[in-house]
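The values are calculated or read from the model by the stated rules, or taken from the named source; none is laboratory data. It should be emphasised that the depicted structure is a prediction, and the values quoted were computed from it without experimental measurement. Positions of Cβ are backbone-derived with ideal geometry, glycine not excepted, and every protein chain shown enters the neighbour counts. Quick note on the areas: whole protein, heavy atoms, side chains included, nothing else; ligands and nucleic acids left out. Shrake-Rupley method; radii C 1.70, N 1.55, O 1.52, S 1.80 Å.
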Amino acid sequence: MHNNHPLPTLSIITVTYNAEQVLETTLQSVISQTYHHIEYILIDGASKDRTLAIAEKYRDRIQLLISEPDRGLYDAMNKGIALATGEYVCFLNAGDSFHQDDTLQQMMQSIKGRELPDVLYGETALVDGKGHFLRMRRLSAPEVLTWKSFRQGMLVCHQAFIARRTLIQPYNLNYRYSADFDWCIRILKKAKTIHNTHLTLIDYLDEGMTTQNRKASLMERFRIMVYHYGLWSTVMHHAWFVFRLLTKPGQ
């Protein structure tokens with residue numbers, strides 16, 4: 001027991017496809033956590049490289065390992081959600097890691113009072129392929145997060161957004177690039193208590209999205225915002241964003 005509430009189990013889900021270059025960092029980050037109430041789930045999309053051989057080295061620390069073809073990232077993540085049994089769900093992509101070995105312990109210790117919050121969130125640091133700190137994420141987590149906060153964009157990185165499993169629905173597979181944006185908003189709409197950990201939770205591997213995908217992702221995000229916030233509100237909040245979209249065909 002801590003702060004009068006039992007220690008919750010965290011289902012950590014890593015989705016992989018041909019991730020041999022980056023997976024080991026993620027695996028080591030999870031298994032070196034000082035918080036032990038973890039269910040680790042690895043969903044692989046039938047990798048053709050050494051991904052599974054690397055996972056096999058840590059097999060005794062991975063509760064569930066599945067390797068089969070899928071219809072992309074969010075389809076694989078939905079499989080992970082369906083298998084998770086922990087109180088909370090956290091997605092940690094191959095290449096990403098927890099900021100420190102005691103990050104999850106610090107996160108749980110930051111919860112005050114008897115009630116466990118519906119959502120926990122924190123900051124994200126960008127790192128290079130060697131794990132060296134580059135900079136903090138450009139959008140920083142707001143002091144108070146609500147479902148309306150994401151009108152300003154995705155203020156909390158998907159990996160630094162940890163939700164109660166009972167609030168989680170599958171990702172909408174109609175969105176190819178920004179389903180996580182929609183997913184977070186839907187969870188926040190249902191959440192009663194949202195807890196700012198005031199911690200840097202994640203080291204995010206900054207590989208950069210291809211320009212082509214970036215534009216598609218922004219278009220999709222705009223559609224998601226119109227769906228949740230209405231067209232007028234979205235256009236008003238993002239006059240600059242729409243302008244940029246329309247005036248930079250090469251971006």
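Within segment 45-63, restricting attention to residues that are assigned to a loop (DSSP other than H, G, I, E, B) and more than 21 Å from LYS130 (Cα to Cα), which residue is most open to solvent (accessible area, probe 1.4 Å)?
Per the criteria, the residue is LYS48.
Count, please, the residues in segment 67-77 that happen to be in a helix (DSSP H, G or I) and either aliphatic (A, V, I, L, M) or open to solvent by 30 Å² or more (accessible area, probe 1.4 Å) (or both).
3
I need every pair where a residue in segment 213-238 that is aromatic (Phe, Trp, Tyr) has its Cβ under 7 Å from the Cβ of a residue that is in a helix (DSSP H, G or I) and open to solvent by 30 Å² or more (accessible area, probe 1.4 Å), sequence separation at least 6 or different chains.
TYR229/ARG151
For ARG165, are the conditions met, namely being open to solvent by 30 Å² or more (accessible area, probe 1.4 Å), within 17 Å of the chain's Cα centre (by Cα) and in contact (Cβ under 8 Å) with a residue 24 or more places away in the chain?
Yes, satisfied.
Of the conditions (1) in a helix (DSSP H, G or I); (2) open to solvent by 40 Å² or more (accessible area, probe 1.4 Å); (3) aliphatic (A, V, I, L, M); (4) at pLDDT below 70, LEU245 satisfies every one except a single condition; which number is it?
(2)
Do we have any residue at all in segment 36-44 that's modelled with pLDDT of 95 or more, surrounded by fewer than 16 Cβ atoms within 10 Å (Cβ to Cβ) and farther than 25 Å from ASP118 by Cβ?
no
When you go through (1) surrounded by fewer than 18 Cβ atoms within 10 Å (Cβ to Cβ); (2) in a strand (DSSP E or B) one by one for VAL15, which number turns out not to apply?
In the conditions (1) surrounded by fewer than 18 Cβ atoms within 10 Å (Cβ to Cβ); (2) in a strand (DSSP E or B), VAL15 misses (1) alone.
Filter segment 144-162 down to the residues that are part of a helix (DSSP H, G or I) and over 13 Å from the mean Cα position of the chain (by Cα), then identify the one that is modelled with the lowest pLDDT.
The qualifying residue modelled with the lowest pLDDT is GLN152.
Show the residue pairs meeting these rules: Cβ distance below 7 Å; 6+ apart or different chains; first residue within segment 62-78 and touching a residue at least 40 places away in the same chain (Cβ under 8 Å); second residue in a strand (DSSP E or B) and open to solvent by less than 50 Å² (accessible area, probe 1.4 Å).
From segment 62-78, the pairs are LEU73/VAL15; ALA76/VAL15; ALA76/ILE43; MET77/ILE13; MET77/VAL15; MET77/PHE91.
Hey, among the residues in segment 80-109 that are in a helix (DSSP H, G or I) and in contact with a Ser or Thr (Cβ under 6 Å, 6 or more places away or on another chain), which one's most open to solvent (accessible area, probe 1.4 Å)?
Checking each candidate, the answer is GLN105.
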